[in-house]
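What follows is a set of notes on a single structure, which appears directly below.
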Amino acid sequence: MDKLASHYLAHIAELNRRVTDIVTRGNLSGLVIHSGQPHRQFLDDIDYPFKVNPHFKAWLPILDNPHCWLLVNGRDKPQLIFYRPVDFWHKVADVPDAFWSEHVEIKLLTKADKVAELLPRDISKWAYIGEHLDVAEVLGFKTRNPDAVMSYLHYHRATKTQYELECMRRSNEIAVQGHVAAKNAFYNGGSEFGIQQEYLKASCQGENEVPYGNIIALNQNASILHYTKLEHASPHPRKSFLIDAGANFFGYASDITRTYAFEKNIFSDLIEAMNKAQLELVDMMRPGLKYVDLHIETHKKIAQIMLDFNMASGDVEGLVEQGITAVFFPHGLGHMLGLQVHDMGGYLHDERGTHIAAPDAHPFLRCTRTLAVNQVLTIEPGIYIIDSLLDGLKQDKRQAQINWNTIDELRPFGGIRIEDNVIVHGDRNENMTRDCGLA
């Protein structure tokens, strides 16, 4: 934790600088950031798993305690209203005593509905940042999630502090441990459900602690982009395995994907080709490069792979322009990563909130930013055999360019995705995932 502690003070100073800037522009006294509160399941007395407000965990690694509040104005020491009730039903959170706690003023809240007693008296001049707008209204906030504040924070959130980068390196380390265990479980005959359990065990994170529902897909299930069903029975024969799984460290996410073939065959060769293309794309990242241009370059690489493996005929430009590559690679190259898996700000051109939409031909691209130093993004090209999309090709003249025999040969394997988490530096790219030893 020494490295985290040494970076944390500079991290808080940067967050305070951003707050000073935006509250001055908005003529606000400051921001009141709500950690959130539990959501009760319908017709039950059980809550859904609690997910903290990402704006709250940007300041403090408090991830599992609802009803907390953070008061920041950019000048004074941040004030943490920490919820610690008298409760014999549940585990009560300990009073914070960590490397970060000396940098905030802590006040204890024993009853959630008494928080008004600890909030500023002139609450109408403070902006509420959080999900529960009804609570904010009752408490007297006149300004709730103002667009100018949210756009500013989301835009600048793309630039990570050294503290955040260190958290994300550790998040990758944890996830890689899980990926190695999952790979071994696949080759040892595990089911999707069993592989998931091995991943969680190796990463020491529960199903509600990982940043998203893990994708554990065997055989043709790998063609389903967000497959989360988890079959309990092992398929026979065992052909392929796609795992898209991450981890959390202090609220910062990793998001890693690998694909494996059970035997040496055309699919394993296709994986090697995709892995090579993915590393080439990572090497192309640099400050000043438009992420959209990198996405277009990905389609060209996909087209070349399709030609090399006799999946299609024609030329690279034609396969891209006709939308043929989009059938086999329908999602975006990747996205910004940080406090959230799909971190906010991916479409923002500036701090005022100017929105740059994805190109019409690539509607699922999640980032249109120009790359800059200390941004963190995923690079995740893929190629899939998705029958519902292939049906569209069969309806027009493009079908003549598809080698349907090769497609039939690949169909039982589902698809391939290779995904790393990369930091953009001024003179290099830091591939956190590969640096942690995951090939």
Q) From A182, A245, A175, A202, which residue is touching a helix residue (DSSP H, G or I) at 6+ places or on another chain (Cβ under 7 Å) and farther than 30 Å from F99 by Cα? A) A182
Q: Scan Q41, Q79 and give me the residue that is in the same structural domain as A136 (by the TED database), of a type in the set (S, T, N, Q) and either touching a residue at least 24 places away in the same chain (Cβ under 8 Å) or within 21 Å of H156 (Cβ to Cβ) (or both).
A: Q79
Q) Applying the selection to segment 305-317, what residues are of a type outside the set (D, E), touching a residue at least 24 places away in the same chain (Cβ under 8 Å) and assigned to a helix (DSSP H, G or I)? A) I305, M306
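Listed here are the residues, each with its yes/no results for (1) at pLDDT 95 or above; (2) open to solvent by 10 Å² or more (accessible area, probe 1.4 Å); (3) within 19 Å of the chain's Cα centre (by Cα).
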| residue | (1), (2), (3) |
| --- | --- |
| G140 | yes, yes, no |
| P146 | yes, yes, no |
| H154 | yes, yes, yes |
| K160 | yes, no, yes |
| Q177 | yes, yes, yes |
| V180 | yes, yes, no |
| K183 | yes, yes, no |
| S191 | yes, yes, no |
| E198 | yes, yes, no |
Q) Could you say whether any residue in segment 429-437 is in contact with a Ser or Thr (Cβ under 7 Å, 6 or more places away or on another chain), part of a strand (DSSP E or B) and in the same structural domain as S254 (by the TED database)? A) no
Q. What are the pairs, 6+ residues apart or on separate chains, where a residue within segment 364-376 that is closer than 23 Å to N172 by Cα has its Cβ under 7 Å from a residue that is among the polar types (S, T, N, Q) and crowded, with 21+ Cβ neighbours inside 10 Å?
A. V376/N421
(Q) Within segment 236-255, does at least one residue satisfy the condition of being open to solvent by less than 20 Å² (accessible area, probe 1.4 Å), among the hydroxyl-bearing types (S, T, Y) and within 14 Å of the chain's Cα centre (by Cα)? (A) yes
Q. Looking at segment 56-90, which of its residues are in a loop (DSSP other than H, G, I, E, B), aromatic (F, W, Y) and buried (at least 17 other Cβ atoms within 10 Å of the Cβ)?
A. W59
**Q.** Q340 in contact (Cβ under 8 Å) with a residue 24 or more places away in the chain, open to solvent by 10 Å² or more (accessible area, probe 1.4 Å) and under 18 Å from L307 (Cβ atoms)
**A.** no
Q. Considering only residues of segment 91-117 that are in contact (Cβ under 8 Å) with a residue 12 or more places away in the chain and within 15 Å of V138 (Cα to Cα), which is most open to solvent (accessible area, probe 1.4 Å)?
A. A116
Q | Scope segment 124-136; condition open to solvent by 20 Å² or more (accessible area, probe 1.4 Å) and either in contact with a Phe, Trp or Tyr (Cβ under 9 Å, 6 or more places away or on another chain) or at pLDDT below 95 (or both); matching residues | A | S124, W126, L133, V135
Q | Single unsatisfied condition, T259 versus (1) without any contact (Cβ under 8 Å) to a residue 24 or more places away in the chain; (2) open to solvent by less than 40 Å² (accessible area, probe 1.4 Å); (3) of a type outside the set (D, E, K, R) | A | (1)
**Q.** segment 408-428, residues that are more than 15 Å from S268 (Cα to Cα) and either in a strand (DSSP E or B) or open to solvent by less than 10 Å² (accessible area, probe 1.4 Å) (or both)
**A.** E419, D420, N421, V422, I423, V424
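The values are calculated or read from the model by the stated rules, or taken from the named source; none is laboratory data. Note that the structure is predicted; figures quoted are calculated from it, not measured. Quick reminder, even Gly has a Cβ in these numbers, built from the backbone with ideal geometry, and neighbours come from all protein chains shown. Surface accessibility is based on the protein's heavy atoms, side chains included, excluding ligands, DNA and RNA. Shrake-Rupley method; radii C 1.70, N 1.55, O 1.52, S 1.80 Å.
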